[in-house]
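The values are calculated or read from the model by the stated rules, or taken from the named source; none is laboratory data. Note that the coordinates shown come from a computational prediction; the quantities given were computed from them, not determined experimentally. Cβ: placed from backbone, ideal geometry, glycine included. Neighbour counts: every protein chain shown. Keep in mind that these areas ignore ligands, DNA and RNA; they rest on the heavy atoms of the full protein, side chains included. Shrake-Rupley method; radii C 1.70, N 1.55, O 1.52, S 1.80 Å.
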Amino acid sequence: MDKMHAGLIDSIKPFLDYYELLDGVSYRQAIFIFLSNAGAEKITEVALDFWRNGRTREDIQLTDIQNALSVSVFNNKNSGFWHSTLIDKNLIDYFIPFLPLEYKHVKMCVRVEIESRGYAVDEDILTRIADEMTYFPREERIYSDKGCKTVDAKLDYYYDF
């Protein structure tokens, strides 16, 4: 959604609004799922604030982030939701944040990818790959910059060559 032209998303407003029927079809039971990177900076900010206050990522509740995320997405000029009537008219019920991944989560991704290729898990290689990933903040290395997106390519270096 963050790649869409601001305003284009409003073209589906009739399907989400409170109409009984639209062209003879009821969409009242339909579920629309929009994926977006809009609001990522707000999610990161909340996660880092929790960490700085000695709380874990798992302590973050939807209520801790929901309103701030909605406002952030609505006011982000680089978002397809920028000043969208979908948000303005409260037609989006929930923003479900994808929290940044920690080192332990990256290790899980590496393990799953190794196993999915049919290799025995070598803990040394698993740890090396997780260590090679980039994390932020730079000194503390708490959250993965790219999640698990580059794990596949890194495994090629260790296993497929």
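Viscosity 1.567 mPa s, temperature 4 °C: Stokes-Einstein D of the chain from its Kirkwood Cα radius, in µm² per second?
For the chosen part, D equals 71 µm²/s.
Just flag the chymotrypsin sites (Phe, Trp or Tyr not before Pro) in region 35-133 sitting in loop per DSSP whose Cβ has no more than 12 other Cβ atoms within 10 Å.
Tyr94, Phe98
Taking 7 Å along the Cα-to-C-beta vector as the label spot, tell me the Asp17-Phe136 distance in nanometres, rounded to one decimal.
Going by the 7 Å Cα→Cβ label model, 3.8 nm.
Check which residues have an amide H placed less than 5 Å from Tyr135's amide H, if you skip close sequence neighbours.
Asp145
I need the phi-derived Karplus couplings for region 144-159: 6.51 cos²θ - 1.76 cosθ + 1.60, θ = phi - 60°, integer Hz, Gly and Pro marked x.
These are the phi-based 3J(HN,Hα) values: 6, 5, 10, x, 10, 4, 9, 4, 4, 5, 5, 5, 4, 5, 8, 10 Hz.
Label point 7 Å out from Phe98 along Cα-to-Cβ: which residues of region 33-48 have amide N under 13 Å?
34-41
Looking at this model, which pairs from Lys13/Lys107; Lys89/Lys149; Lys42/Lys104; Lys13/Lys42 are more than 30 angstrom apart at the alpha-carbon?
Lys13/Lys107; Lys89/Lys149
Tell me the mean residue ellipticity at 222 nm calculated for the chain from its helices only (DSSP H runs of n ≥ 4, each -39500 (n - 2.57), averaged over every residue, nearest 500).
Value at 222 nm, helices only, nearest 500: -12500 deg cm²/dmol.
How do the peptides 148-157, 53-62 rank, highest first, by the average count of neighbouring beta carbon atoms within 10 Å per residue?
The most tightly packed comes first, giving 148-157, 53-62.
Rounded to the nearest 0.05, what FRET efficiency is calculated for Thr44 and Lys3 with R0 set to 22 Å and r the Cβ-Cβ distance?
The value I calculate is 0.70.
Give me the 1.4 Å probe accessible area per residue for the chain, excluding ligands and nucleic acids, in Å².
Result: 65 Å² per residue.
Where the accessible area of the chain is counted over protein heavy atoms with a 1.4 Å probe, how much of it, in %, is carbon and sulfur?
53 percent
Mind giving me the nanometre distance, one decimal, between the label points for Asp64 and Asn90, set 7 Å out from Cα along Cα→Cβ?
2.5 nm
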